[in-house]
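*Asks:* Structure incoming, see below.
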Amino acid sequence: MAHALYAGHPDFSEGRLAKVRSHVVSRASCAVVAHELDLGRRLAAYSDGEDASRLAKNRNVLAALLEAVLGALFLEHGFAPIEDAIVDAFSDRIEYALTTFVDHKTELQEALARLGRQVTYEVVDAVGPPHERHFTCAAVVDGERLGMGEGGSKKAAEQEAAREALQALAS
């Protein structure tokens, strides 16, 4: 992915390329690509029972499954023959990362660093069974909760909390 992004966007700074690449290869993006490739259904087809069907819809399992498939393709065929197909499979995620702001946590951390301040995140609540947790997190700056966020992962909840904290800092 780094090679394709660098070749396709030679005018981008190293920092911007790193942020885009980080989003494109994130667990969430890998799960989306796995879903688009219908890997969950294919996994469930080789297993019996409700557990297999449930696991085939789990974001972490889908992301790991995609990584395993890509690794197997690389080991079997090498880099060059599979590069274009992989970039094509991720093309929507690349476009999303290029056109949509995706990392509120980094933006908040950078903004606070310029002010000589820091942010920490705390989990306020976590509900649901381990495989379907829903988190509520707070972005805490100087002991004050500046943002609250919810999501299906701690990272997603923290991103939402950071977005809200950025809004609070701007007002």
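*Asks:* The list (1) 11.5; (2) 9.3; (3) 12.0 gives values of mean projected area of the Cα convex hull in nm², and only one came from this structure; which label was calculated from it?
*Replies:* (3)
*Asks:* Short version: ³J(HN,Hα) in whole Hz for each residue of segment 29-42, in order, from phi by Karplus 6.51 cos²θ - 1.76 cosθ + 1.60 (θ = phi - 60°), x for Gly and Pro, what are they?
*Replies:* Whole-Hz 3J(HN,Hα) from phi for segment 29-42: 5, 4, 5, 4, 5, 4, 5, 4, 7, 6, 5, x, 5, 5.
*Asks:* Separate question: Given an 8 Å cut-off on Cα distances and at least 6 residues of separation, report the relative contact order of segment 104-170 as a percent.
*Replies:* 28 percent
*Asks:* Treating cross-link reach as a plain straight distance, find the aspartates and glutamates whose alpha-carbon is under 15 Å from the alpha-carbon of K155, omitting any fewer than eight places away in the same chain.
*Replies:* The reachable aspartates and glutamates, counting only those whose Cα sits under 15 Å from K155, are D103, E107, E122, D125, E132, E164.
*Asks:* Over the chain, what is the mean sequence separation of C-alpha contacts under 8 Å (at least six apart), divided by residue count, expressed as relative contact order in percent?
*Replies:* It rounds to 14 percent for the chain.
*Asks:* Let me have the 222 nm mean residue ellipticity of the chain computed from DSSP H runs of 4+ only, each contributing -39500 (n - 2.57), with the sum over all residues rounded to the nearest 500.
*Replies:* That calculation yields -19000 deg cm²/dmol at 222 nm.
Bear in mind these aren't lab numbers, they're just calculated from the coordinates by the rules spelled out. Owing to the predicted nature of the structure, the values given are computational and were not obtained by experimental measurement.
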